Amino acid sequence: MFGCLSSFAQDTLIDGVVAVVGGNVILKSDIESQYLQMRSEGSISGSATRMKCNILDNMLFQKLLVHEAGVDSLTVTDAQVDGEMDRRMRYFISQAGSPEELEKFYGKSIIQIKEELREIIREQMLADQEKKKITDNVMVSPAEVKAFYKKIPKDSLPDIPSEVEVGMIVKTPVIGEAEKQIVEERLKGFRSRVLKGDDFATLAVLYSEDPGSASKGGELGMFQRGTMRPEFEAAAFKLKPGEVSDVVQTEDGYHIIQLIERRGEYINVRHILLQPKVSQADLNRAKIFLDSVSTLVATKKITFEAAVQKFSDDPSKNNGGMLVNPQTGNAQFRMNELDPKVFFVIDKLKKGEISAAVKWDERGKIQFRSYYLKERTDPHKADLSKDYQQVYGWTMGKKQDDAIQAWIEDKRKSTYIYIADPYSGCEFGRIWVTKKEE
């Protein structure tokens with residue numbers, strides 16, 4: 001559940017030094033706790049011995065990176081560590097449900113967890129800096145990509161599934177001032193009722209439009225700064241227990257907020273969220289407008305690219321309207337990587353076609369989107385001419401791995417490395433000590 005904390009989640013393991021890299025020690029509990037974490041996540045493959053050897057192999061690499069980061073005088077500031085720690089703690093608390101649940105899960109206070117996590121994060125950040133130094137200057141030429149591809153046996157070429165490149169033109173209906181005013185007045189009315197004695201939580205259950213908190217009486221759970229919308233936090237952190245804020249506007253809509261409690265750097269609040277509704281007339285106007293733009297593209301009166309720049313009101317216009325795959329950072333999507341709502345639209349289009357306006361409702365924010373299928377490839381064996389970027393990535397990965405292996409071979413010769421029995425008998429993926437060195 002909380003993988004990054006697994007290295008100190010087990011206190012009952014029989015401990016002992018398994019390995020030393022420079023001045024950095026690896027304990028048996030480090031390996032065992034990571035193994036137990038992987039087993040709980042169902043990510044174990046092969047025998048326990050093999051998995052533990054793999055874990056130690058990766059830990060040896062991590063410790064060597066940390067050792068060399070010290071040799072190279074690399075540093076990580078306390079502010080950088082604190083920032084990363086706060087980010088992770090927010091994630092852990094959101095997974096647990098509350099700081100109290102996280103403390104219960106580990107049998108430790110938030111302060112203890114953070115203190116034990118601090119050095120782990122510092123080491124990870126130093127290791128990342130050192131690894132970046134190793135791979136930063138690795139470059140791949142087109143000739144190397146071609147040579148790498150030619151070395152792959154024809155019968156071993158991987159299958160490349162169908163991929164698509166998708167663009168969109170977006171029209172967001174404008175919410176009228178009258179609709180905004182209606183929502184503000186309703187929230188002011190709720191605030192007045194609370195000040196006169198009505199229960200905030202009951203009003204939240206009845207009227208809040210936040211699906212995640214309405215059923216809980218508007219309660220959001222403990223959080224710290226940097227978690228919510230800036231305007232929301234600015235109002236919430238000024239409140240005293242029981243106090244109710246004035247109306248606060250954020251990207252999500254309009255809120256009133258009541259502080260439940262403050263615990264150190266964390267607070268817990270209730271809120272009521274109302275979202276101004278677009279009038280049906282404005283919805284119709286937006287859809288008709290976008291359908292007319294789609295028709296211009298479909299009849300080739302205007303190019304898709306030109307239509308995006310002239311008519312789209314979404315930030316994707318800065319990317320020519322093209323969707324970006326968050327997993328790869330490029331515009332290629334496998335069909336199973338598309339949002340299902342996008343998939344069902346794109347699946348019906350041919351290359352170069354654009355859809356009619358499709359209504360998109362996300363957290364109460366309504367848009368109309370017309371999707372454009374720029375490219376579609378059929379499933380095929382990897383081909384250099386069709387899949388150059390994919391082969392380039394494989395080539396770069398191999399060259400970076402080679403650079404890391406060469407770095408390990410160089411550094412291990414000048415670094416004290418000790419591996420205790422029975423782990424000295426592991427078949428590692430990397431060479432750490434030779435028989436002569438042992």
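The values are calculated or read from the model by the stated rules, or taken from the named source; none is laboratory data. Computed from a predicted model, the values in this text were never measured in an experiment. Because the Cβ atoms are built from the backbone with ideal geometry, glycine has one as well, and the counts that use them run over all protein chains shown.
Specify which of the listed residues (Arg376, Arg412, Arg430) is loosely packed, with under 15 Cβ neighbours inside 10 Å, of a type outside the set (Gly, Ala, Ser) and within 30 Å of Met139 (Cα to Cα). Walk me through how you get there before you give the answer.
Working: Arg376 fails: loosely packed, with under 15 Cβ neighbours inside 10 Å; Arg412 fails: loosely packed, with under 15 Cβ neighbours inside 10 Å.
Of Arg376, Arg412, Arg430, the one residue that is loosely packed, with under 15 Cβ neighbours inside 10 Å, of a type outside the set (Gly, Ala, Ser) and within 30 Å of Met139 (Cα to Cα) is Arg430.
Looking at Val205, Val183, can you tell me which residue is in the same structural domain as Arg262 (by TED's automatic domain parsing), more than 26 Å from Arg262 (Cβ to Cβ) and outside any loop (DSSP other than H, G, I, E, B)?
Details: Val205 fails: more than 26 Å from Arg262 (Cβ to Cβ).
Result of the check over Val205, Val183: Val183.
Test Gly264 against the criterion of being under 29 Å from Arg90 (Cα atoms) and in the same structural domain as Asp210 (by TED's automatic domain parsing), and give yes or no.
Yes: the conditions hold for Gly264.
Somewhere in the stretch 384-402, is a residue of a type outside the set (A, V, I, L, M) and within 21 Å of Ile288 (Cα to Cα)? Even if it seems obvious, please write down each step before you answer.
The first filter runs over the stretch 384-402 and keeps only residues of a type outside the set (A, V, I, L, M), leaving 385-390, 392-395, 397-402.
With within 21 Å of Ile288 (Cα to Cα) added as a condition, the list becomes none.
The answer is no; no qualifying residue exists.
From the list Leu283, Leu259, Leu290, pick out the single residue that is assigned by TED's automatic domain parsing to the domain that holds Ser312, crowded, with 18+ Cβ neighbours inside 10 Å and either within 30 Å of Leu349 (Cβ to Cβ) or aliphatic (A, V, I, L, M) (or both). Please lay out each step first, then the result.
Values: Leu283 fails: crowded, with 18+ Cβ neighbours inside 10 Å; Leu259 fails: assigned by TED's automatic domain parsing to the domain that holds Ser312.
Sole residue among the options that is assigned by TED's automatic domain parsing to the domain that holds Ser312, crowded, with 18+ Cβ neighbours inside 10 Å and either within 30 Å of Leu349 (Cβ to Cβ) or aliphatic (A, V, I, L, M) (or both): Leu290.
What number of residues in the stretch 210-251 are over 27 Å from Glu179 (Cβ atoms) and within 26 Å of the chain's Cα centre (by Cα)?
8
Looking only at helices (runs of 4 or more DSSP H) that lie completely in the stretch 221-331, which have at least 3 residues being of a type in the set (Gly, Ala, Ser) and closer than 22 Å to Leu195 by Cα? First the steps, then the outcome.
Details: elements: 230-236, 280-298, 304-311.
Here the list reads 230-236.
Considering the stretch 186-202 alone, what residues qualify as being in a helix (DSSP H, G or I) and over 35 Å from the mean Cα position of the chain (by Cα)? Lay out the reasoning, then the answer.
Here is the first cut: in the stretch 186-202, the residues in a helix (DSSP H, G or I) are 186-195, 200-202.
Selection gives Arg186, Lys188, Gly189, Phe190, Arg191, Ser192, Arg193, Val194, Leu195.
Does Asp361 meet the test of being out of contact with any strand residue (DSSP E or B) (no Cβ under 9 Å at 6 or more places or on another chain) and farther than 22 Å from Thr303 by Cα?
Details: out of contact with any strand residue (DSSP E or B) (no Cβ under 9 Å at 6 or more places or on another chain): no; farther than 22 Å from Thr303 by Cα: yes.
No.
Across the stretch 384-428, what is the total count of residues that are part of a loop (DSSP other than H, G, I, E, B) and in contact with a strand residue (DSSP E or B) (Cβ under 8 Å, 6 or more places away or on another chain)? Outline the logic, then answer.
To start, the set of residues in the stretch 384-428 that are part of a loop (DSSP other than H, G, I, E, B) comprises 384-387, 413-416, 420-422, 426-428.
Okay, now just the ones that are also in contact with a strand residue (DSSP E or B) (Cβ under 8 Å, 6 or more places away or on another chain), so 386-387, 415-416, 420, 426.
Adding up the residues that qualify gives 6.
I need the full set of residues from the stretch 47-74 which are among the small types (Gly, Ala, Ser) and within 29 Å of the chain's Cα centre (by Cα), in order please. Let's see the steps before the verdict.
Our first condition is that a residue be among the small types (Gly, Ala, Ser); within the stretch 47-74, this holds for 47-48, 69-70, 73.
Across the stretch 47-74, the qualifying residue is only Ala69.
Is it fair to say Tyr372 is touching a Phe, Trp or Tyr at 6+ places or on another chain (Cβ under 7 Å) and assigned to a strand (DSSP E or B)? Step through it out loud before you land on a result.
Working: touching a Phe, Trp or Tyr at 6+ places or on another chain (Cβ under 7 Å): yes; assigned to a strand (DSSP E or B): yes.
The answer is yes for Tyr372.
Sort out which residues of the stretch 379-406 are surrounded by 14 or more Cβ atoms within 10 Å (Cβ to Cβ) and hydroxyl-bearing (Ser, Thr, Tyr), and write them in order of number.
Of everything in the stretch 379-406, those that are surrounded by 14 or more Cβ atoms within 10 Å (Cβ to Cβ) and hydroxyl-bearing (Ser, Thr, Tyr) turn out to be Tyr388, Tyr392, Thr395.
Considering every residue within the stretch 57-75, establish whether at least one is modelled with pLDDT of 90 or more and over 26 Å from Tyr416 (Cβ atoms). Write out each step before concluding.
Residues of the stretch 57-75 that are modelled with pLDDT of 90 or more, as a first pass: 57-75.
Keeping just the survivors that are over 26 Å from Tyr416 (Cβ atoms) gives none.
No, the stretch 57-75 has no match at all.
From Gly320, Gly329, Gly253, grab the single residue that is under 30 Å from Val391 (Cβ atoms), touching a residue at least 60 places away in the same chain (Cβ under 8 Å) and of a type in the set (Gly, Ala, Ser).
Checking each option against the conditions leaves just Gly320.
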